[in-house]
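All of the numbers you see were taken from the coordinates with simple rules; none came from a lab. From a predicted model like this one, the values you see are computed outputs, not experimental measurements. Positions of Cβ are generated from backbone atoms using ideal geometry, with glycine treated the same way; all protein chains shown enter the neighbour counts.
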Amino acid sequence: MKPKMIFFDIDGTLLSEKTGKIPDSAIEAIRIARENGHFIFINTGRCYSFLPKEILELDVDGYVCGCGTNVFCHGEELLHISRTMDFARSLRKDMKAWNIETIYEGKYTAYMEDLEELRFPDFRYFRTQKEFKVASVEQMEYPIDKMYVCTDETSDFASFEKKYKDVFEIIDRENRHYEIIPLGYSKSTGIQLLMDKFCVDLEDTISVGDSNNDLAMLEYTGVSIAMGNSSPQILNRVDYVTSDVDEDGIYQALKHYALI
């Protein structure tokens, strides 16, 4: 078998949203796949500063972070697309005026409003977690790569879409949550960059994901795999549906395709 290039999402794919851990069976499957000569990459919407310890400890070939805005391979940074701090500060004024809660994500850290200003529980959770490199937006000292936003009935999201339609791509993560990516970049552009580096054909690429922000890679790679716990919107758009992340879904998927 020719070596395959396999791309894994993190949340809900490798990392259980119930336990916050990577199942032992997934770790074992990745180890065996690499021993069999396959390339293993993490392909995530998270920027590098938001990669959890469990993921950084995995034995993989590299990372596609921030939906294709930051790519690493064997310790080398191949690509980093970011927006200047001046742009970010101007953007923040708009987001506050439109009442759109925002995580400004970057390679080195993420920036958020102070805890007392945050309305949404999941954003308050990220603001307080020591695991993630999160600072006050008032202390911004590094560029940002992308954003994650949450809205409610008081938010003027239409104004954001109108003003920035030629700057950002918007991924609907459901329930008024959105991922905001620089136009022209995605999980699939990160894959293409690595395919070119290793001279791998599209038919020898495989992606594994569970949510809407994985569609760019699932619809691009030669083989697409959805976790059993995936969003319903992606289940009929993939080649194979494996079991849940907590039910050895990664091991089952790699075994199904004779990669282990």
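Return the single residue from Glu35, Glu138, Glu57 with maximal mean-square fluctuation; model: Gaussian network over the chain, springs between Cα atoms under 10 Å.
Comparing Glu35, Glu138, Glu57 in a Gaussian network model of the chain, the most mobile one is Glu57.
Report the relative contact order of the chain, percent, no decimals, based on alpha-carbon pairs under 8 angstrom and at least 6 residues apart.
Values: 509 pairs, mean separation 56.1, N = 260.
With pairs under 8 Å counted, the relative contact order is 22 percent.
Kirkwood hydrodynamic radius for region 85-182: how many Å is it when counted over pairs of different Cα atoms?
On the way: mean 1/r = 0.0737 Å⁻¹.
One decimal place: 13.6 Å for the Kirkwood radius.
If you count the DSSP beta bridges with both ends in the chain, what percent of them are antiparallel, to the nearest 5?
Numbers: 25 of 46 bridges.
Bridges in the chain that DSSP calls antiparallel: roughly 55 percent.
Using a Gaussian network model on the chain with a 10 Å cutoff between Cα atoms, which of Lys107, Lys133, Lys93 fluctuates the most?
Looking only at Lys107, Lys133, Lys93, the biggest GNM fluctuation is shown by Lys93.
For region 147-187, what's the radius of gyration and Dmax over Cα atoms, in angstrom?
Rg then Dmax for region 147-187, in Å: 10.2, 31.
Please work out, to two decimal places, the log10 of the ratio I(q)/I(0) at q = 0.20 Å⁻¹ from a Debye calculation in which every Cα of region 209-248 carries one identical scatterer.
-0.48
Report, in deg cm²/dmol and to the nearest 500, the calculated mean residue ellipticity at 222 nm for the chain, where each DSSP H run with n ≥ 4 adds -39500 (n - 2.57) and the sum is divided by the residue count. Present the calculation step by step, with values, prior to reporting the outcome.
Values: 9 runs with 73 residues, N = 260.
Counting only the DSSP helices, I get -7500 deg cm²/dmol.
What pairs from Lys93/Lys162; Lys4/Lys187; Lys2/Lys197; Lys133/Lys197; Lys107/Lys146 go past 20 Å between their alpha carbons? Please report the intermediate quantities before stating the final value.
Numbers: Lys93/Lys162 16 Å; Lys4/Lys187 17 Å; Lys2/Lys197 16 Å; Lys133/Lys197 30 Å; Lys107/Lys146 10 Å.
Going by Cα-Cα distance, Lys133/Lys197 fall outside the 20 Å limit.
What is the dipole size for region 85-182, taken about its Cα centre, with +1 at each Lys and Arg Cβ and -1 at each Asp and Glu Cβ, in debye to the nearest 20? List each step's numbers first, then the result.
Working: 16 positive and 22 negative charges, 35 e Å.
That gives a dipole near 160 debye.
Length gain on complete extension for the stretch Lys93 to His256, per 0.36 nm per residue less the alpha carbon to alpha carbon distance? Mind showing how you got there, number by number?
On the way: separation 163, 0.36 × 163 = 58.68 nm, distance 4.98 nm.
Full extension from Lys93 to His256 adds 53.7 nm.
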